[in-house]
Structure formats: C-alpha cells, structure tokens
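The values are calculated or read from the model by the stated rules, or taken from the named source; none is laboratory data. Given the structure is predicted, the values throughout are model-derived calculations rather than measurements. Every residue, glycine among them, receives a Cβ derived from its backbone with ideal geometry; neighbour counts consider all protein chains shown. Just the protein is used for accessible areas: all its heavy atoms, side chains included, with ligands, DNA and RNA removed. Shrake-Rupley method; radii C 1.70, N 1.55, O 1.52, S 1.80 Å.
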Amino acid sequence: MSRADELFIQNCKDILAKGVWDTGLEVRPRWEDGTPAHTVKLFGIVNRYDLREEFPILTVRRQYLKSAVDELLWIWQKKSNNIRDLSSHVWDAWADESGSIGKAYGYQLGVKHHYKEGDMDQVDRVLYDLKHNPASRRIMTNLYNHHDLSEMALYPCAYSMTFNVSGNVLNGILNQRSQDMLTANGWNVMQYAALLMMMAQVSGLEAGELVHVIADAHIYDRHVPVIEEIIQRQPYAAPKLWLDPEVTDFYAFTKNSFRLEGYQAHELEGKIPVAV
C-alpha cells in the first residue's frame with residue numbers, strides 16, 4: 001500500500017465516522033441542478049509524506065500526473081490566471097468570457113515586490129533564497145491576498161507554501177484552507193510533491209518531507225457513495241517517479257519532465273459531480 005493511499009483511506013474513514021455535517025447551514029457551493037452542496041467535514045488534518053521513500057500518488061483511484069503538473073506549472077511557472085494558458089478544463093467553471101479567473105492563483109505569484117536584492121515575484125524570491133539564503137526561515141509564498149479577494153473568481157484553496165532547508169534536504173509545508181477529498185486531495189498532494197522535487201533539484205538539494213495541513217477536509221454529500229466504494233479497494237504499491245535530471249532551471253520544466261514507472265491504479269467509472 002502506498003503512503004498516499006494509507007493516509008487518504010484513513011482520512012476519509014475519519015471524516016465519515018467523526019465528521020460534522022453542515023446540512024443545517026446555508027452554503028455557497030451548488031450542484032449543477034442548483035441544489036445546495038452540503039458536506040461532512042473534519043477540522044485540522046495534518047499529513048506527512050517523505051519523498052525520499054516514495055512519490056505520494058493514489059492507486060485506489062487513478063491519478064493523472066501530467067495534467068496535475070500542467071496545472072501546477074500554469075500557476076507557478078507561467079503565473080497565469082487565464083485558462084487559455086492551461087491544457088485541461090479544470091478551471092472552466094470559474095473563468096469569465098475572456099478566460100480569466102481574476103486576481104487569483106498565478107496572478108498573485110507573478111506580482112513583483114521590492115527587495116534589497118532587486119524586484120522579484122514570489123516564485124523568484126523562493127528560488128533566490130534557496131540558493132543564496134538556505135538558512136532563512138522566511139522562504140514562503142502566500143496567495144491569500146485580502147486586498148484582491150473581491151477580484152478573484154475563487155478564493156485560493158491551497159494558499160501557502162513554506163520551504164525549509166535542513167542540511168541538504170528541502171522540506172515544505174502546504175497550507176490549505178479547504179479540501180474536497182474526492183476530487184482534489186490526490187491531485188494537490190502529487191502537485192506539491194512535484195513542486196518540492198522541482199525546487200530541490202534546481203537548488204542542488206534533496207527533496208524531503210511534504211507536510212500537508214488541511215483546515216477543512218470535507219466530503220460532499222453526493223460523493224459519499226463513491227468514497228465508500230473507493231476506500232474498500234485493495235491499494236497497489238507506490239510507483240517510481242522519474243524527474244528529468246538534466247533540468248537545472250525551474251522555468252525549463254514541462255509536464256513531460258515527469259514519468260511514472262510501474263503505476264497501477266483502480267479506474268473510477270462515471271463522471272464525478274463537481275460543486276461550484
């Protein structure tokens with residue numbers, strides 16, 4: 001059983017057994033038919049993944065790493081807020097007629113700030129500090145800019161990444177205010193594991209631990225039967241991940257810089273409803 005499967009299954013079991021339903025409250029998300037999308041949730045889940053042991057990808061439900069990396073690069077490398085720069089359609093429901101999602105995600109990472117070393121955006125500041133100030137305890141990004149929230153199509157869910165160098169090992173903490181366990185948990189975990197590996201490689205470091213902190217970990221009402229079926233499956237062993245060792249510039253990575261070797265996973269039949 002992969003570590004990602006182990007944690008996902010336990011998280012979902014805990015949410016279903018101990019979680020609190022919001023059915024008595026007004027909620028923002030709606031299903032496609034206009035029905036309120038209610039959830040059962042747990043507060044404050046913390047998961048740890050050691051990337052030196054295995055790459056954290058689910059096998060109880062097939063994951064699509066290259067699509068996940070494509071979205072990650074759209075945010076962190078292209079620093080875009082327009083879905084026309086993205087290969088998949090995961091953001092279509094939140095985009096306006098021009099393709100923009102407003103001042104969200106990639107937009108925030110691309111805004112330049114003034115430092116004594118010069119003007120840099122958040123990503124370039126991380127890359128600079130990992131090489132020049134690895135002892136710093138200030139290497140982090142934050143997408144939750146209150147000044148711009150009113151101009152975002154969706155407030156950032158995964159909003160903060162903190163990087164920390166211990167010896168020659170790069171560790172990271174992903175803070176997430178909200179996590180849809182069925183549609184997004186496996187997706188976000190492999191994305192930010194990939195990000196940590198990329199940042200480590202171009203900085204001459206070894207990728208270590210990814211700590212994932214989730215404030216509101218929830219399962220939507222219409223997802224419960226699917227989750228119950230998935231967590232009964234027998235997981236496979238974690239695959240090996242190949243990351244192109246020739247890439248030394250963060251901006252040179254592509255989705256094809258990653259390759260899974262020996263990945264076995266269960267298929268998920270049918271379309272998953274998404275609350276918007």
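Residue 132 fulfils the conditions (1) at pLDDT 95 or above; (2) exposed (fewer than 13 other Cβ atoms within 10 Å of the Cβ); (3) more than 19 Å from residue 249 (Cα to Cα) except for a single criterion, (3).
Among residues of region 138-164 that are in contact (Cβ under 8 Å) with a residue 60 or more places away in the chain, those with a Cβ under 9 angstrom from a residue that is open to solvent by less than 40 Å² (accessible area, probe 1.4 Å) and assigned to a loop (DSSP other than H, G, I, E, B), sequence gap 6+ or separate chain, pair up as 154/91; 154/101; 154/104; 154/105. Say whether the condition of being free of Cβ contacts under 8 Å to residues at least 12 places away in the same chain, of a type in the set (Phe, Trp, Tyr) and within 16 Å of residue 161 (Cβ to Cβ) is met by at least one residue in region 106-128. Yes - at least one qualifying residue is present in region 106-128.
No other residue among 196, 241, 149 is surrounded by fewer than 17 Cβ atoms within 10 Å (Cβ to Cβ) and within 20 Å of the chain's Cα centre (by Cα) apart from 149.
Within region 66-115, the set of residues being closer than 17 Å to residue 145 by Cβ, outside any loop (DSSP other than H, G, I, E, B) and open to solvent by less than 50 Å² (accessible area, probe 1.4 Å) comprises 75, 76, 100, 102, 106, 108, 109, 110. Per this entry, residue 164 is not counted among residues that are under 21 Å from residue 90 (Cα atoms), buried (at least 18 other Cβ atoms within 10 Å of the Cβ) and either within 15 Å of the chain's Cα centre (by Cα) or not hydrophobic (A, V, I, L, M, F, W, C) (or both). The number of residues in region 244-269 that are more than 16 Å from residue 193 (Cα to Cα) and open to solvent by less than 60 Å² (accessible area, probe 1.4 Å) comes to 6. Of the listed requirements (1) open to solvent by 20 Å² or more (accessible area, probe 1.4 Å); (2) within 19 Å of residue 80 (Cα to Cα); (3) within 13 Å of the chain's Cα centre (by Cα), residue 178 misses just one: (2). Reported count of residues in region 50-60, each being surrounded by fewer than 22 Cβ atoms within 10 Å (Cβ to Cβ) and touching a residue at least 60 places away in the same chain (Cβ under 8 Å), is 3.
Filtered by the rule that a residue be over 30 Å from residue 206 (Cα atoms) and assigned to a strand (DSSP E or B), region 136-167 gives a lone residue, 152.
Residue pairs whose Cβ atoms lie under 6 Å apart, separated by 6 or more positions or on different chains, with the first residue in region 68-90 and closer than 17 Å to residue 190 by Cβ and the second part of a loop (DSSP other than H, G, I, E, B), are 70/87; 74/80; 74/86; 75/105.
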